[in-house]
1. Out of all the residues in the stretch 48-59, which are among the hydrophobic types (A, V, I, L, M, F, W, C) and loosely packed, with under 14 Cβ neighbours inside 10 Å?
2. Restricting to the stretch 67-90, name every residue that is surrounded by fewer than 16 Cβ atoms within 10 Å (Cβ to Cβ) and assigned to a helix (DSSP H, G or I).
3. Among the candidates G24, G62, which residue alone is loosely packed, with under 14 Cβ neighbours inside 10 Å, in a loop (DSSP other than H, G, I, E, B) and of a type outside the set (D, E, K, R)?
4. Out of the stretch 96-119, which residues are under 39 Å from the mean Cα position of the chain (by Cα) and assigned to a helix (DSSP H, G or I)?
5. Would you say E38 is of a type in the set (D, E) and either in contact with a Lys or Arg (Cβ under 7 Å, 6 or more places away or on another chain) or farther than 17 Å from L95 by Cα (or both)?
6. Scan the stretch 2-33 for residues that are hydrophobic (A, V, I, L, M, F, W, C), modelled with pLDDT of 80 or more and over 22 Å from A99 (Cα atoms) and jot them down.
7. Examine the stretch 80-87 for a residue that is more than 16 Å from S9 (Cα to Cα) and modelled with pLDDT under 90, and state whether such a residue exists.
8. Would you confirm, using the coordinates I've provided, whether T35 is in contact (Cβ under 8 Å) with a residue 40 or more places away in the chain and either loosely packed, with under 13 Cβ neighbours inside 10 Å or not acidic (D, E) (or both)?
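The values are calculated or read from the model by the stated rules, or taken from the named source; none is laboratory data. Quick caveat: nothing in here was measured; it's all calculated off a predicted structure. A quick note on method: Cβ atoms are made from the backbone with ideal geometry, for glycine too, and the neighbour counts reach across all protein chains shown.
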Amino acid sequence: MLRINETISLADWELSENFTRSQGPGGQNVNKVETAVELRFEAARSPHLSPAVKARLKRLAGRRWTQDGAIVIRAEETRSQARNRELARDRLADLIREALVAPKRRVATKPTLGSQRRRLAAKAVRGGVKALRGKVDDDE
């Protein structure tokens, strides 16, 4: 059971962990111990998330979202399997928390009359500067 917030907790059947050998430093231990964790969350099949949250989660997950609607998170920062497991679960929880926040709807506004006039005045000044950049006549 992975707790996201007060109302949402993910069931164990939605999460699966796969352990592999980690890359990077580790001495003689690196070739023997499977410390890297690949956490897989069946996001598309999850009954705990609304369709809007799933859509935001898909956009946020990016490459980590698979074709069958799962999120795969890989953690191999530390040499401890337990710590990597904790890191992967934390990352998943953070990603879901981020998807739970609905973005504010932008309210379209009209530019003020003053800002329109200032913009046109600036354009006229700039156009005047560029008009003076022509070739200089030698007849003077």
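1. So in the stretch 48-59, the residues among the hydrophobic types (A, V, I, L, M, F, W, C) come out as 49, 52-53, 55, 57.
If the condition is that a residue be among the hydrophobic types (A, V, I, L, M, F, W, C) and loosely packed, with under 14 Cβ neighbours inside 10 Å, then A52, A55 are the ones that fit.
2. Within the stretch 67-90, A82, R83, E86, D90 meet the criteria.
3. On the way: G62 fails: in a loop (DSSP other than H, G, I, E, B).
From the options G24, G62, the qualifying one is G24.
4. Initially, the stretch 96-119 is screened for residues under 39 Å from the mean Cα position of the chain (by Cα), giving 96-116, 118-119.
Answer for the stretch 96-119, where residues must be under 39 Å from the mean Cα position of the chain (by Cα) and assigned to a helix (DSSP H, G or I): I96, R97, E98, A99, L100, L113, G114, S115, Q116, R118, R119.
5. Details: of a type in the set (D, E): yes; either in contact with a Lys or Arg (Cβ under 7 Å, 6 or more places away or on another chain) or farther than 17 Å from L95 by Cα (or both): yes.
So E38 passes the test.
6. Hits for the stretch 2-33 are F19, V33.
7. Checked against the condition, which is being more than 16 Å from S9 (Cα to Cα) and modelled with pLDDT under 90, the stretch 80-87 yields at least one hit.
8. Values: in contact (Cβ under 8 Å) with a residue 40 or more places away in the chain: yes; either loosely packed, with under 13 Cβ neighbours inside 10 Å or not acidic (D, E) (or both): yes.
Criteria met by T35.
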